[in-house]
Structures are given as C-alpha cells and as structure tokens.
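First the structure, in the form of structure tokens, and then the observations on it.
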Amino acid sequence: MFNVKREGNETRKLSYKDNNCIGCSICVDVCPTNSLRTGPIVPIARGLIEMDLISINSNSCVLCGLCSTACPFEALTLEINEENIKDTGLYPIWDVESKVNDEECIYCGRCYSACPRDAILFERILPNPQELVRGEITIDDEKCIYCAFCEELCPAQAISIKEIPGFTNDKLNKTIDVDLSRCVFCGVCKRVCPQDAIMEVCSTCMMHDEIKVPEITGNTFITESSCVNCSWCLEVCPVDAINVTKPFEGTLELVETDEKICKHNSCHACIDVCPCNAIELIDEKAVVNLDFCNLCGTCVIACPQNIRVLSRTSMKLNNINSESWNEILNSLLVSK
C-alpha cells in the first residue's frame, strides 16, 4: 500500500490498496506521466516474493486522478480535500455491479463457495431441529447392559455412554444419556437393543400439521472492494438471485504461431495470475472461459509467449466530461 499526498489550495491524496489490486496494469496504461509501473505479477501471485503489484514514482505523479478513475476494482483512490472524487459527480465512474437480491436468495451458499476472491459474506440461520421433530424416548437403566449398540448405530449421534466418576468397578462404571436436541426419533436404538431397554415413540408424522414449516434465513452480501465482477456467483446461483455487470465487453483469444505456442503444464502463468479463476487447461491449452472472464488483461501481461490477444469493444465507464480524458480512457478499448 502506498499514499501520495500534496497540499496547497487543495489537498490531494492518492491511496493504493494492494489487496484490491489484481495487477491488470489498466492504471499504468492511462497514466499521462508514466508514473506507475507494474511489478513482477507472476512471482507475486505464486508467493515467491512479497511486494506491491503496482509501484509509483511520487516525484512525477501529478495526482490527476486518471488512474483512480480507470481502475474498475477500487485499488486506487484519489481524494480532494478528503473527499473521494468518485463521490463528487464530476469524475467518470464505473457502472458495474455485483449484487444479491435478498428476496430471491435461498441461502444455499453456492456463490460463497464459488467466489475466487472470497468477496462474499455468507450467513445461514437454520431453525432449531427440536422445532421440526416430535417424540419421546426413555432408557431403562435396570435393563441396560451398556453394550453400546445404540451409541454406535445412532445415525444422529444422540446417544452417549459415559463413565461414572469415582465408581470402583471399571467394567460397570457406565451411564447412558440421550441428547434430545440431536435425536430424530428414528427408532434404530429401540430395534437394536438386545434387552428391550429403550422405549421410543415418534409423533412427528402424527403431528405434522402442528409443526411449522422450516424457515431458513440469513444474509448474503458481496463486498464491492474485493469483487472483480467475474460472474461465478451469477452462474452458479440456482434461483437467479444475483446480478452482475462486468466492466468490459469483448474477446480474449489464444493466437499461436509456429514459433510461439502455449506451454500449458510447464508454464500456467496465466492461470496463476487470473483473478477470476477463468482459465483452465483443456487439450494442452490454457483456455479462457469468457463467461467468467472480466477482460482485465492480467493474463495477457503474464504470458511469456505473448500469444494472448485482448480486444475490448466497450466499457461501462460513464460521465467522461473531458475530451482529453475521453481520448485517454478510450485507449483501454484498443486491442493488445
């Protein structure tokens, strides 16, 4: 993380958050003073070295805010008099979104498991099982011989045999207990008991009209600062409760020649740096799945063979009021 700050008629401060940065070099591409540099993203991604993905020359940076504006991933923030320029309404802003519809979400957790950036906060609140099953169970201590058949076969692990502290006979110092919060009154213990020491009655079926329908609640929230709009959550959601708008539209192709081919297993640099988990090895080629790709271009930078061609045809960056800024920012749509 770095900060560049200058004071005068107005105070300007540029902040960089390495945790949000994916090493795409979009900020480097638009910097008018060439003050930004991309670090060695492959060894950084592989954990071989520890350093920021982006570095800055604070002497040449003019704190114009182009890098902050162009970054779709909130890794760079320019503040003027302690106000984020994106909150002023005067600067370009990305019209991207990754959002969960709370009314549609069923709290299955598939999005949480699929997210490659751990950007989803997930909480599921289940009802108390005792509210869903009814019954009675008792164990006759005089008949019980503590054979442990019931304990070992109980599918809910509701029965436990414990030692009695201070009892002198080690072979008989036992007691048996049923945890009613776990018991589902299935009757396995009753059927297996060789001494008929267990009495069990399940009334769940008889009382099903009185038992309320299980209500599952919770919270699923996508943190914008960590999200890269890859759309994994959108693709795996079984109830279409998630909406994702990506920053770019376009294509990303693998263009090989006789001299330059994909090294697949011996390289996989693109796989290591991809923030979207959108690249996989298929038929000895590192293939990009555009359904999950956000066209950030990090894999293009990482490829030692220079055989990946990125073409962005449009972007969701709005409110560009300056002609010079419009020209610079639209350079992101040039193929590379």
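The values are calculated or read from the model by the stated rules, or taken from the named source; none is laboratory data. Model, not experiment: these values are computed from the prediction. Backbone-built Cβ (ideal geometry, glycine too); neighbour counts: all protein chains shown. The accessibility values were calculated without ligands, DNA or RNA, using every heavy atom of the protein model including side chains. Shrake-Rupley method; radii C 1.70, N 1.55, O 1.52, S 1.80 Å.
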Task: Test: residue in the range 196-218 that is outside any loop (DSSP other than H, G, I, E, B), open to solvent by 70 Å² or more (accessible area, probe 1.4 Å) and touching a residue at least 40 places away in the same chain (Cβ under 8 Å) - done: yes
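If the requirement is being under 23 Å from Cys27 (Cα atoms) and either in the same structural domain as Pro72 (by the TED database) or in contact with a Cys (Cβ under 9 Å, 6 or more places away or on another chain) (or both), which of these qualifies: Ser311, Ser226?
Testing whether each residue is under 23 Å from Cys27 (Cα atoms) and either in the same structural domain as Pro72 (by the TED database) or in contact with a Cys (Cβ under 9 Å, 6 or more places away or on another chain) (or both) leaves just Ser226.
Condition check ((1) assigned by the TED database to the domain that holds Gly89; (2) of a type outside the set (A, V, I, L, M, F, W, C); (3) touching a Gly at 6+ places or on another chain (Cβ under 8 Å); (4) in a loop (DSSP other than H, G, I, E, B)) across all residues:
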site	(1), (2), (3), (4)
Cys262	no, no, no, yes
Ile271	no, no, no, no
Val287	no, no, no, no
Leu290	no, no, no, yes
Leu295	no, no, yes, yes
Gln305	no, yes, no, yes
Glu327	no, yes, no, no
Ser331	no, yes, no, no
Task: Matching residues in the range 278-296 - criterion: being in contact with a Cys (Cβ under 7 Å, 6 or more places away or on another chain) and either within 23 Å of Ala75 (Cα to Cα) or open to solvent by less than 20 Å² (accessible area, probe 1.4 Å) (or both) - done: Ala278, Ile279, Ala286, Phe292, Cys293, Asn294, Cys296
Open item on the list: If I ask for residues that are over 10 Å from Ala70 (Cα atoms) and aliphatic (A, V, I, L, M), which ones from the range 315-327 would you list?
Closed with: Met315, Ile320
- [ ] Considering only the range 25-54, state which residues are in contact with a Leu (Cβ under 9 Å, 6 or more places away or on another chain) and under 21 Å from Ile271 (Cβ atoms).
- [x] Ser25, Ile26, Thr38, Gly39, Pro40, Ile41, Val42, Ile44, Ala45
TODO: Hey, can you tell me all the residues within the range 110-146 that are of a type in the set (Lys, Arg) and either within 20 Å of Met206 (Cβ to Cβ) or under 44 Å from the mean Cα position of the chain (by Cα) (or both)?
DONE: Arg110, Arg117, Arg124, Arg134
Open item on the list: Among the listed residues Val188, Val192, Val184, Val178, identify the single one that is more than 21 Å from Glu131 (Cβ to Cβ) and touching a residue at least 40 places away in the same chain (Cβ under 8 Å).
Closed with: Val192
TODO: Kindly establish whether Asp18 is surrounded by fewer than 20 Cβ atoms within 10 Å (Cβ to Cβ) and not in a helix (DSSP H, G or I).
DONE: yes
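This table checks each residue for (1) acidic (Asp, Glu); (2) under 23 Å from the mean Cα position of the chain (by Cα).
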position: Asn59; (1), (2): no, no
position: Leu66; (1), (2): no, no
position: Thr69; (1), (2): no, no
position: Leu78; (1), (2): no, no
position: Lys86; (1), (2): no, no
position: Trp94; (1), (2): no, yes
position: Glu97; (1), (2): yes, yes
Task: Which listed residue, of Val309, Val273, is loosely packed, with under 15 Cβ neighbours inside 10 Å, of a type in the set (Val, Ile, Thr) and under 24 Å from Arg46 (Cα atoms) - done: Val309
Task: Single condition Cys27 does not satisfy, out of (1) outside any loop (DSSP other than H, G, I, E, B); (2) surrounded by fewer than 19 Cβ atoms within 10 Å (Cβ to Cβ); (3) touching a residue at least 40 places away in the same chain (Cβ under 8 Å) - done: (2)
Open item on the list: Anything in the range 312-328 that is under 21 Å from Cys293 (Cβ atoms) and either of a type in the set (A, V, I, L, M) or surrounded by 14 or more Cβ atoms within 10 Å (Cβ to Cβ) (or both)? List them, or say none.
Closed with: Arg312, Met315, Lys316, Leu317
Open item on the list: If I ask for residues that are open to solvent by less than 50 Å² (accessible area, probe 1.4 Å) and under 27 Å from the mean Cα position of the chain (by Cα), which ones from the range 1-13 would you list?
Closed with: Phe2
